[in-house]
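Chemist: One structure, as C-alpha cells, below. Some questions next.
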Amino acid sequence: MVYYSLAVLLLLLASCATVPSSRKYVGTPSDSKGSVRPEEPFLSLWEKWTVQIGAVRGGAPLQLINPFTIIGGGDRGGKDSQFPLQITATLMDTMLIEAGLEHYATLLTMTPEEWLAFRNAYFQRYDVENHLLIWCELYTSWAELYLDPNRWIIFIQDDAGNQYEPLRILEGAPSFSRRVTDKFPEFQPEQKDLRWEAHQKNLMLYFPKKDFLKKPIRSEKVRFLKLVFQLSEDEKTRAEGMWAFKE
C-alpha cells in the first residue's frame with residue numbers, strides 16, 4: 001500500500017505543468033541547510049526543479065507532459081535522426097519533497113498520524129538522507145528498447161567536471177505503449193492518417209549525496225549540476241539538462 005501511494009504521488013507530481021527548458025536556475029541548494037519547510041507553492045517548486053532533455057520533431061519546444069499525454073512525432077532513425085528520447089527530469093530538492101508530501105496529504109485529507117507515517121515511509125524507501133534523487137519520465141516514439149536504462153550511460157556532472165553515476169535505478173512504473181494518430185485537415189480525404197507507437201517509462205535515479213571525500217555533491221561552491229543521457233553504443237547520441245545554483 002505504501003509503495004502504491006508513493007507511485008501515485010510521483011505520478012501526480014509528473015502531471016504538473018512545466019515550462020519547457022533544458023536549463024533552470026534554482027538558487028542555493030536547500031539540502032545543505034538541514035530541515036526546511038516549503039515556502040513556495042508546490043506547483044511552482046515542481047516547475048522550478050524540472051528540466052526537459054532531448055530533441056523534438058522540427059525543433060519545437062516540448063509540450064506539456066504527463067502520464068496520460070503522449071507527445072507524438074519524431075524521426076524513426078537514420079543518419080539525420082534526432083535524440084530518441086524526450087525526458088522530463090526533476091531534481092528532488094528537500095523543499096520540493098516536503099511540499100509534494102504535504103500537497104498529497106491534503107489531496108487525500110490525511111490525519112496528522114497518517115501524514116507522519118507516509119512521510120516516514122517515503123524517506124525510508126528512497127533513503128532521502130543519503131541519496132540525491134532525480135525523477136525521470138522517458139518518452140519515445142522510436143523503438144521501445146530505447147527506454148531500457150541499461151542502454152544508456154547516465155550520470156550527473158558539476159561545473160568542476162566531477163561525474164557521478166547512479167547507485168541505483170528504480171523503474172517506478174511499467175512501460176506502456178499507446179498508438180497515436182495524427183490527422184492533417186489539409187490532406188485530401190483519401191490520404192491515410194499518420195500512425196505510430198509511443199512508449200513511456202518512469203525512473204527514479206539514486207545518486208550519492210556525498211563524494212568519495214564525504215563532501216556534499218550539492219554545496220554552495222557548486223555552480224551547477226547537469227544530468228546526461230548518453231547512448232552506450234554511440235557517444236554522439238547524447239543529451240543533457242542543467243540545474244544552475246549560481247547565475
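Chemist: Of K24/K236; K210/K236; K48/K246; K24/K226; K48/K226, which pairs sit farther than 18 Å apart, going by alpha carbon to alpha carbon?
Modeler: Values: K24/K236 24 Å; K210/K236 29 Å; K48/K246 14 Å; K24/K226 10 Å; K48/K226 15 Å.
K24/K236; K210/K236, as the Cα separations exceed 18 Å there.
Chemist: Which stretch or stretches of segment 195-219 have amide N atoms under 11 Å from the point lying 7 Å from D148's Cα along the Cα→Cβ direction?
Modeler: Answer for segment 195-219: none.
Chemist: Once label points are set 7 Å from the Cα along Cα→Cβ at both A121 and K214, what is their separation, rounded to one decimal in nm?
Modeler: Taking the two extended label points, one gets 3.4 nm.
Chemist: State, to one decimal in nm, how far the label point of S232 lies from the label point of N162, with both points 7 Å from Cα in the Cβ direction.
Modeler: Result for the modelled spin labels: 2.7 nm.
Chemist: Another question, if that's okay. So between S44 and A244, what do we pick up on full extension, going 0.36 nm a residue minus the alpha carbon distance? Could you put the intermediate results ahead of the total?
Modeler: Working: separation 200, 0.36 × 200 = 72.00 nm, distance 1.67 nm.
Answer, rounded to one decimal: 70.3 nm.
Chemist: How would you rank T28, T109, T88, going from fewest to most other Cβ atoms within 10 Å of each one's own Cβ?
Modeler: On the way: T28 12, T109 8, T88 24.
By the 10 Å Cβ count, ascending: T109, T28, T88.
Rule-based calculations on the coordinates, nothing more; no lab input. Because the structure is predicted, anything quoted here is derived from the model rather than measured. Methodologically, a virtual Cβ is constructed for each residue, glycine included, from the backbone with ideal geometry; neighbour enumeration extends over all protein chains shown.
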